[in-house]
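Notes to accompany the following structure.
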Amino acid sequence: MFHTFSRFQASLSTPQWAALAVLGLLFNLWATDVLNAAYAASGFPVPYWEAQLSFDHLKLKAWYQGLLDQGGIGPYLHAQTVDFLFIASVLVLHMAALVLVSRMHPAASRGRSMMVWAALLSALAPLFDALENGVSFFMLADPLSFAPGLAMLYSTLAAAKFAMFTFAYVAVPVGTVWALWSRLSRHRNRLRPV
């Protein structure tokens, strides 16, 4: 899989990856706004992260009961569906940004290879998010009596998603600083008298 992705990322030029990163950022900003508006309109009683990381089927069922009391789960299902736009935007943004950072490192260097690996690994965040949404749809099909284990699976996937978000958000600046430090070191070594 790495070799396939490595060949794919090599098939695009650095300016193409830069354009893709900018488009990914714009797509992500737009998708975030759309998702936040849909989530707010759903009337869900707690912030999304609190529900996703609750690991508690009784809390989730109580929150779903609140939605039912407000008139239905439809707006929340809409927010869950809109989340797939956000998921797609994260995939594009994370991968493009990390490949772009990889291009700051010399070709065939350990830094470039590691950042290409980071770009591939960053795809786990949207994958876990999509799986989490899938579990959510199963819970919402029977919102007051779904199996307790689904809540554990839902929260585990959410925790994994947030961990991979954090990984991507740390990898970009770390990879950038590493590339800049390496360039500075190489430049200083060239200026040193032999």
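If the condition is being outside any helix (DSSP H, G or I) and surrounded by 23 or more Cβ atoms within 10 Å (Cβ to Cβ), then region 100-132 contributes only Ser122.
So, of the residues in region 3-13 that are assigned to a helix (DSSP H, G or I) and either without any contact (Cβ under 8 Å) to a residue 60 or more places away in the chain or closer than 20 Å to Phe165 by Cα (or both), which turns out to be least open to solvent (accessible area, probe 1.4 Å)? Reasoning before the result, please.
Initial filter on region 3-13 (assigned to a helix (DSSP H, G or I)): 3-10.
Imposing the further condition that a residue be either without any contact (Cβ under 8 Å) to a residue 60 or more places away in the chain or closer than 20 Å to Phe165 by Cα (or both) reduces the set to 3-5, 7-8, 10.
Numbers: His3: 130, Thr4: 85, Phe5: 19, Arg7: 156, Phe8: 103, Ala10: 69 Å².
Ranking the candidates gives Phe5 first.
Of all positions in region 87-99, at least one carries a residue that is open to solvent by 30 Å² or more (accessible area, probe 1.4 Å) and closer than 24 Å to Phe44 by Cβ. For beta carbons closer than 6 Å, sequence separation of 6+ or different chains, a first residue in region 148-176 that is over 25 Å from Leu98 (Cβ atoms) and a second that is hydrophobic (A, V, I, L, M, F, W, C) and open to solvent by less than 30 Å² (accessible area, probe 1.4 Å), the qualifying pairs are Leu150/Val135; Leu150/Met139; Ala151/Leu60; Leu153/Val135; Tyr154/Val135. Within region 14-27, none of the residues are assigned to a helix (DSSP H, G or I), open to solvent by 70 Å² or more (accessible area, probe 1.4 Å), touching a helix residue (DSSP H, G or I) at 6+ places or on another chain (Cβ under 9 Å) and within 18 Å of Ile73 (Cβ to Cβ).
Determine, yes or no, whether Tyr64 is open to solvent by less than 80 Å² (accessible area, probe 1.4 Å), within 19 Å of Phe146 (Cα to Cα) and among the aromatic types (Phe, Trp, Tyr).
On the way: open to solvent by less than 80 Å² (accessible area, probe 1.4 Å): yes; within 19 Å of Phe146 (Cα to Cα): yes; among the aromatic types (Phe, Trp, Tyr): yes.
Considered against the rule, which asks whether it is open to solvent by less than 80 Å² (accessible area, probe 1.4 Å), within 19 Å of Phe146 (Cα to Cα) and among the aromatic types (Phe, Trp, Tyr), Tyr64 comes out as yes.
Taking the criterion of being small (Gly, Ala, Ser) and on the phi < 0 side of the Ramachandran plot, the residues of region 67-110 that qualify are Gly74, Ala79, Ala88, Ser89, Ala96, Ala97, Ser102, Ala107, Ser109.
Looking only at residues in region 68-86 that are in contact with a Gly (Cβ under 9 Å, 6 or more places away or on another chain) and assigned to a helix (DSSP H, G or I), the one that is surrounded by the fewest Cβ atoms within 10 Å (Cβ to Cβ) is Pro75. Of all the listed residues (Phe86, Phe55), the sole one being of a type outside the set (Gly, Ala, Ser), over 18 Å from Thr156 (Cβ atoms) and in contact with a helix residue (DSSP H, G or I) (Cβ under 6 Å, 6 or more places away or on another chain) is Phe86. The single condition among (1) hydrophobic (A, V, I, L, M, F, W, C); (2) open to solvent by 40 Å² or more (accessible area, probe 1.4 Å); (3) touching a residue at least 60 places away in the same chain (Cβ under 8 Å) that Ala141 does not meet is (3).
The values are calculated or read from the model by the stated rules, or taken from the named source; none is laboratory data. This structure is a prediction, so every number in the text was calculated from the model and none was measured. In this analysis, Cβ positions are derived from the backbone assuming ideal geometry, glycine residues included, and neighbour counts consider all displayed protein chains. We work out accessible area using only protein heavy atoms, side chains counted, and drop any ligands, DNA or RNA first. Shrake-Rupley method; radii C 1.70, N 1.55, O 1.52, S 1.80 Å.
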